[in-house]
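Engineer: My questions all concern the structure below.
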Amino acid sequence: MSGFSARTDFPRTPNPLAEALARHRARGLPLLDLTESNPTRVGLPAPDAALLAPPGACGYAPEPLGLTSARHALAAHHARRGAAVSPEHLVLTASTSEAYGWLFKLLCEPGDNVLVPVPGYPLFEHLARLEGVEARPYRLPLAHGFGLDVGEVEAARDARTRAVLVVNPGNPTGQYLHEGELAALADACARHGLALISDEVFSDFAWDAEPDRVATVAGRALPSLTFTLSGLSKVAGLPGLKLAWTHVGGPASLRDEALARLEWVADTYLPVGTPVQLALPALLAHAPRFQAAVLERVRGNRQRLLAARPEGATWDVVPARGGWSAVLRIPREPGEEATCLALLDAGVLAQPGFFYDFGGGAFLVLSLLPEPEVFAAAVEVLARVLEEGPLSPPAG
Ligand SMILES: Cc1ncc(COP(=O)(O)O)c(C=O)c1O
């Protein structure tokens, strides 16, 4: 279409599942939603909204990288998680999505590429494209339990690669980076002059203890320029407050140059809202309460899912160690879309693996956040539909 940029020409044709969901909703039919991942809608603890009107909330004393008080509060938050970071190396943005935009501007010329994990978070492709950058996939191999294989990263790299993204733990695959993988990855990044971008929005949500797990790369002496991203949307379950942070690390000269340039970018966009920055210490103090409730919820729901699986079933729950999702491996026939449509007929909404570019088999992705009664009722239907096969008549 003339007059608009090619990079905003996103496909807008709804897929058959979206169409079926719209029909289901239009008919007012009941729905047990196993895609609900909005932490504000599933009965989890929220902070007192009065926190968002601290004294000075309507003032404006802009500091491009974020208020000094907010960056100090964040450095203390990192210290509580065992990472020693300087407030001066932290950059505040309205979201991690905005941070990605800034990092792609910082690192890439139009036409350059960044390597993104697949299966993985589908927004990377769009975030890169909006900056004129290509998101080039590297595989998290099923044979490696969807963990990182540096050989796959090396194989995906070309002369125009500028950065490697890792999501730790993976979304939706829920595997953490391990010490050996991080060392190999940081070494490859340093050798090829690539930045390492570590998305740690789910890192506080480990389900169990695991040797050699990397909780964060912030504050580590890594040989490559390194950006570590997180934010209130997952850490405190507050996506609507719009506050995220990036830690900049790596060799001092690269780090300082990156910070100086990011300050310019930040100054151009003007800073994050004042009320949320002033409220940050109190919001971070609330985070442990939210995280404890999420962990109880996701552990409980995962148990409910495992308990719903009959012995000898044709489907399986893929092993994982953290995050807010579960991945199911299902039979290739009739496959992801037909299974999701059959589930919808039976009143349950689940995501097909192709939303996350799984490939190599058939998968479903479920949110582990729904309230226990909803989740238990949904997995009962799910187990029945998966056992009976999608061609059987809908239940009830
Ligand atoms: C891996 C990952 N990164 C980033 C985000 C987005 O976070 P934000 O709300 O800070 O943009 C999400 C949201 O689901 C995510 O799954």
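Engineer: What is the number of the single condition among (1) basic (Lys, Arg); (2) within 16 Å of the ligand (Cβ to nearest atom); (3) over 30 Å from Ala190 (Cβ atoms) that Arg302 does not meet?
Structural biologist: Condition not satisfied by Arg302: (2).
Engineer: Can you confirm whether Leu364 is at pLDDT 95 or above and either within 20 Å of Asn15 (Cβ to Cβ) or in a helix (DSSP H, G or I) (or both)?
Structural biologist: So Leu364 fits the description; yes.
Engineer: I'd like the full set of residues that are over 18 Å from Asp204 (Cα atoms) and among the small types (Gly, Ala, Ser), limited to the stretch 40-88.
Structural biologist: Once the filter is applied, which keeps residues that are over 18 Å from Asp204 (Cα atoms) and among the small types (Gly, Ala, Ser), the stretch 40-88 yields Gly43, Ala49, Ala50, Ala53, Gly56, Ala57, Gly59, Ala61, Gly66, Ser69, Ala70, Ser86.
Engineer: Pick from the stretch 67-100 the residues that are of a type in the set (S, T, N, Q) and more than 16 Å from the ligand (Cβ to nearest atom): which of them is least open to solvent (accessible area, probe 1.4 Å)?
Structural biologist: Among those residues, the one meeting the criterion is Ser86.
Engineer: Follow-up. Which members of the stretch 187-212 meet the condition of being touching a strand residue (DSSP E or B) at 6+ places or on another chain (Cβ under 6 Å), farther than 27 Å from Arg162 by Cα and within 16 Å of the ligand (Cβ to nearest atom)?
Structural biologist: Across the stretch 187-212, the qualifying residues are Phe205, Ala206.
Engineer: I need every pair where a residue in the stretch 202-228 that is more than 13 Å from Arg81 (Cα to Cα) has its Cβ under 6 Å from the Cβ of a residue that is assigned to a loop (DSSP other than H, G, I, E, B) and more than 16 Å from the ligand (Cβ to nearest atom), sequence separation at least 6 or different chains.
Structural biologist: Matching pairs, first to second residue: Leu222/Gly250; Ser224/Gly250; Leu225/Gly250; Thr226/Gly250.
Engineer: What tally of residues in the stretch 148-177 results from selecting those that are within 16 Å of the ligand (Cβ to nearest atom) and assigned to a loop (DSSP other than H, G, I, E, B)?
Structural biologist: Residues in the stretch 148-177 being within 16 Å of the ligand (Cβ to nearest atom) and assigned to a loop (DSSP other than H, G, I, E, B): 11 in total.
Engineer: Which one is farthest from Phe375 (Cα to Cα), of the residues in the stretch 8-39 that are of a type in the set (Ser, Thr, Tyr) and open to solvent by 60 Å² or more (accessible area, probe 1.4 Å)? Reasoning before the result, please.
Structural biologist: The initial filter retains those residues of the stretch 8-39 that are of a type in the set (Ser, Thr, Tyr), namely 8, 13, 35, 37.
After this cut, where a residue has to be open to solvent by 60 Å² or more (accessible area, probe 1.4 Å) as well, the list is 8, 13, 37.
On the way: Thr8: 37, Thr13: 30, Ser37: 12 Å.
Taking the candidates together, the pick is Thr8.
Engineer: Considering each residue of the stretch 270-326, count those that are among the aromatic types (Phe, Trp, Tyr) and within 24 Å of Glu388 (Cα to Cα), and give that number.
Structural biologist: Residues that pass the stated criteria total 1.
Engineer: Listed residues Ala215, Ala184; which is over 21 Å from His77 (Cα atoms), more than 15 Å from the ligand (Cβ to nearest atom), open to solvent by 10 Å² or more (accessible area, probe 1.4 Å) and modelled with pLDDT of 95 or more?
Structural biologist: Within the list Ala215, Ala184, the selection yields Ala184.
Engineer: Please tell me if Arg162 is open to solvent by 20 Å² or more (accessible area, probe 1.4 Å) and in contact with a Cys (Cβ under 7 Å, 6 or more places away or on another chain).
Structural biologist: yes
Engineer: Return the residues of the stretch 222-265 that are part of a helix (DSSP H, G or I), surrounded by 21 or more Cβ atoms within 10 Å (Cβ to Cβ) and away from the ligand (no atom under 11 Å from the Cβ); say none if nothing qualifies.
Structural biologist: Residues satisfying the conditions are Ala258, Leu262.
Engineer: Which count do you get for residues in the stretch 367-392 that are open to solvent by 10 Å² or more (accessible area, probe 1.4 Å), at pLDDT 95 or above and in a loop (DSSP other than H, G, I, E, B)?
Structural biologist: Total satisfying the criteria: 1.
The values are calculated or read from the model by the stated rules, or taken from the named source; none is laboratory data. Fair warning: this is a prediction, and the values are worked out from it, not measured in the lab. Note that each Cβ is placed from the backbone with ideal geometry, even for glycine, and that neighbours are counted across all protein chains shown. Please note that ligands, DNA and RNA were not included when accessible areas were found on the heavy atoms of the full protein model with its side chains. Shrake-Rupley method; radii C 1.70, N 1.55, O 1.52, S 1.80 Å.
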